[in-house]
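Notes follow once the structure below has been shown.
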Amino acid sequence: MRQADAVGQGPVRYGPVFPDDGLPVLPELAAVLAAAASRTEEQPVGGAPALLEAASGYFERRGLPAEPARVAAAPGAPALLVALTAALGGDVLVPRPCAAWWAPYARLLGRPVFHVGTPAECGGVPDPYALLETVRRVRDEGGDPRLLVLSVADDPTATVPPPEVMHETVEAAAGEGLHLVSDETWRDTLHAPRRTMLLSPAEMLPDRVTVVTDLAGALLPSGWPAAVARFPAGRAGNALHARVLDVLTALGARVAAPVAAAAGHALGEPAPVVARRDTAVGLHARVAAATHAAVTGAGAFARPPQAGRHLYVDLGPLRHALTPQGVGDAQDLEEFLTARLGMPAPGGHRFGDDLGALRVRLSTGPLLGRTDEERAECLMSPVPLELPHVQRALMSLRSTFDDLRDDAQRWEPPR
C-alpha cells in the first residue's frame, strides 16, 4: 500500500474540496439566514413552495422554463446526483477528467462508471465518437449504459464546451437513448460572458436532460449546502421527478430552513447578490488569468480558464525536473505541489484522469489572502492583482513553476 493511502488520502473522504471563493459572506445573505435561524419547522423533501418558485424563476431567466412542479431542491448537488443515479438505474458515463464528486455516488450504489475521453479543445463533455464507441463496447460486454453526466462549464478544466461540440455530443447521446444530467453549477461564473457562448443540453434535448445547479458555484457559500434540479417535461420527466423525491426522502435530504431562506433569496437575484457575484467572478477571472500565465510561462500546459475558480495544469513537459524530486505520478505531484505552494493542488487522478499523467487542479481562492481582511480587500480594490498579499502569492507560485522550468532545462537530455 502506498504511503498516501496509509495516511488517509483516499479518493472520497479525503478527496478535493469544492473550489471555494474564499470571500466574506455577503451581509445581505447573512441577514436573511440569521432572520430564519429561529425556524424549527421541517422543510419538505424537494423544497418548500417559495424555494421552488425562486428556482423556477432562476431557470426561466436562463432560457430553461420550468414550472415549480418540475423543480426539486436538495442539500447540495451530490444528493441530487445520487438520487438521479438511483432513480435511473444502469451504468453511468462521465468525461475524463470530471468533477471529483460525480463518480463516487454511482459506485456507492454499485453502478459501474465508465470514463470517456474529452475533445482536445475542452473538458466537460465526452468526445462524441469516443462516447459512441464506449456505449457499444459496454453493451457488447453485457452492460446497460443509461446515464451520461456532463458539464456546460467544467470542473476541473475550467473550460466551456463550444456549442458545436455540445451539439455533437448530445446528438450522439440521444441516438443511444441515454438520459443526460447537465451540471450547470459554474454557468454563472463565465470569465468573459460576452465572448463565451454557453449552450445547455436542455435547450437541445428537453425531454431527456435534467439540469443540476449547486448554488455554491455562484450564489451561496459552500458551507451552506443547497442545490436545485430542473426535470424534463412530460410523463417520463414527471416519473423521474417522483422517483428522485422518493430517494431524497429515504436519505432525509432536506435543505435546512435558514439555508432554504438564503437560497430562495439568492435565486431571486436581487441587485446586491448580482453585484457580489459579478465582482467575485471578475476577481477570480483576473487571478486565474495570472495563474495561467505563470504556469504556461514556465512550460506547463493549461487550457485558458473560461469559468469558475480554478484551472487544470499538465506538468508533463516538466517531468524531467519532477522525476529527481520523487514525482512519478499524479499522487506524487499532488503532495509535492501542495507542500511547495502551501495550498491544495489535487492530482488529476482525483478527477478520473490517468494516475500516470502529471496533472493537477489549482484553485484561485487561496491566492486571495490568508485573512478575512485581505480577502475583503480584494473585493474592494479596482486593481486586486496589485495588492501586496496577492502579489506575494502569485510571485511564490510563479517562482515554484519557474524553478521547475529551469530544472527541466538542466535535466533535459541532449538532442
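The values are calculated or read from the model by the stated rules, or taken from the named source; none is laboratory data. Please read these numbers as outputs of a predicted model, since none were measured by experiment. All Cβ positions, glycine included, derive from the backbone under ideal geometry; neighbour counts span all protein chains shown.
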Quiz item: Taking Val116 and the conditions (1) in a strand (DSSP E or B); (2) at pLDDT below 95, which numbered condition does it fall short on, given that it satisfies the others?
Solution: (2)
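Let's see how each residue does on (1) aliphatic (A, V, I, L, M); (2) assigned to a helix (DSSP H, G or I); (3) without any contact (Cβ under 8 Å) to a residue 60 or more places away in the chain; (4) on the phi < 0 side of the Ramachandran plot:
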residue: Val212; (1), (2), (3), (4): yes, no, no, yes
residue: Arg235; (1), (2), (3), (4): no, yes, yes, yes
residue: Ala239; (1), (2), (3), (4): yes, yes, yes, yes
residue: Ala242; (1), (2), (3), (4): yes, yes, yes, yes
residue: Thr249; (1), (2), (3), (4): no, yes, no, yes
residue: Ala261; (1), (2), (3), (4): yes, yes, no, yes
residue: Gly264; (1), (2), (3), (4): no, yes, no, yes
residue: Thr279; (1), (2), (3), (4): no, yes, no, yes
Exercise. Give just the number: which of (1) more than 15 Å from Gly76 (Cα to Cα); (2) in contact (Cβ under 8 Å) with a residue 40 or more places away in the chain; (3) in contact with a strand residue (DSSP E or B) (Cβ under 8 Å, 6 or more places away or on another chain); (4) part of a helix (DSSP H, G or I) does Arg286 not satisfy?
Key: (3)
Self-check item: Scope the stretch 363-403; condition on the phi < 0 side of the Ramachandran plot and assigned to a loop (DSSP other than H, G, I, E, B); matching residues
Solution: Thr364, Arg370, Thr371, Ser381, Pro382, Val383, Leu387
Quiz item: Is there any pair with a first residue in the stretch 376-388 that is hydroxyl-bearing (Ser, Thr, Tyr) and a second that is at pLDDT 95 or above and assigned to a helix (DSSP H, G or I) whose Cβ atoms are under 9 Å apart and which are 6 or more apart or on different chains, and what are they?
Solution: Ser381/Leu283; Ser381/Val390
Exercise. Would you mind finding the one in Ala36, Ala48, Ala83 that is under 29 Å from His284 (Cβ atoms), of a type in the set (A, V, I, L, M, F, W, C), modelled with pLDDT of 95 or more and not assigned by TED's automatic domain parsing to the domain that holds Thr279?
Key: Ala36
Practice problem: Give the residues of the stretch 119-138 that are out of contact with any strand residue (DSSP E or B) (no Cβ under 7 Å at 6 or more places or on another chain) and modelled with pLDDT of 95 or more, sorted by residue number. | Solution: Pro119, Cys122, Pro128, Tyr129, Leu132, Glu133, Arg136, Arg137
Quiz item: Applying the selection to the stretch 213-239, what residues are buried (at least 21 other Cβ atoms within 10 Å of the Cβ) and either of a type in the set (A, V, I, L, M) or outside the structural domain of Thr185 (by TED's automatic domain parsing) (or both)?
Solution: Leu215, Ala216, Ala218, Leu219, Leu220, Ala226, Ala227, Val228, Ala229
Quiz item: With (1) part of a loop (DSSP other than H, G, I, E, B); (2) at pLDDT 95 or above; (3) not basic (Lys, Arg) as the list, and Pro206 as the residue in question, which single condition is left unmet?
Solution: (2)
Quiz item: What are the residues in the stretch 269-306 that are in contact with a Phe, Trp or Tyr (Cβ under 8 Å, 6 or more places away or on another chain) and either within 26 Å of Ala376 (Cβ to Cβ) or crowded, with 19+ Cβ neighbours inside 10 Å (or both), if any?
Solution: Glu269, Ala294, Val295, Ala298, Ala300, Ala302, Arg303
Quiz item: For the stretch 156-176, does any single residue satisfy the condition of being assigned to a strand (DSSP E or B), crowded, with 24+ Cβ neighbours inside 10 Å and in contact (Cβ under 8 Å) with a residue 40 or more places away in the chain?
Solution: no
Practice problem: For the stretch 354-385, enumerate the residues that are crowded, with 19+ Cβ neighbours inside 10 Å, among the aliphatic types (A, V, I, L, M) and under 30 Å from His115 (Cα atoms). | Solution: Leu358, Val360, Leu362
Quiz item: What's the number of the condition Thr196 fails, among (1) within 28 Å of Asp314 (Cβ to Cβ); (2) of a type in the set (Ser, Thr, Tyr); (3) touching a helix residue (DSSP H, G or I) at 6+ places or on another chain (Cβ under 9 Å)?
Solution: (3)
Exercise. Mind telling me which of the residues Ala357, Ala339 ends up being hydrophobic (A, V, I, L, M, F, W, C), farther than 16 Å from Asp21 by Cβ and outside any helix (DSSP H, G or I)?
Key: Ala357
Quiz item: When only residues in the stretch 31-88 that are surrounded by 18 or more Cβ atoms within 10 Å (Cβ to Cβ) and of a type in the set (Ser, Thr, Tyr) count, which is nearest to Val149 (Cα to Cα)?
Solution: Thr85
Practice problem: Kindly indicate whether Ala158 is modelled with pLDDT of 95 or more, among the aliphatic types (A, V, I, L, M) and on the phi > 0 side of the Ramachandran plot. | Solution: yes
Quiz item: What do you reckon, is Arg107 farther than 22 Å from Val247 by Cα, charged (D, E, K, R) and surrounded by fewer than 21 Cβ atoms within 10 Å (Cβ to Cβ)?
Solution: no
Exercise. May I ask you to list the residues in the stretch 130-145 that are out of contact with any Lys or Arg (no Cβ under 9 Å at 6 or more places or on another chain) and in contact (Cβ under 8 Å) with a residue 24 or more places away in the chain?
Key: Leu131, Leu132, Thr134, Val135, Val138, Asp144
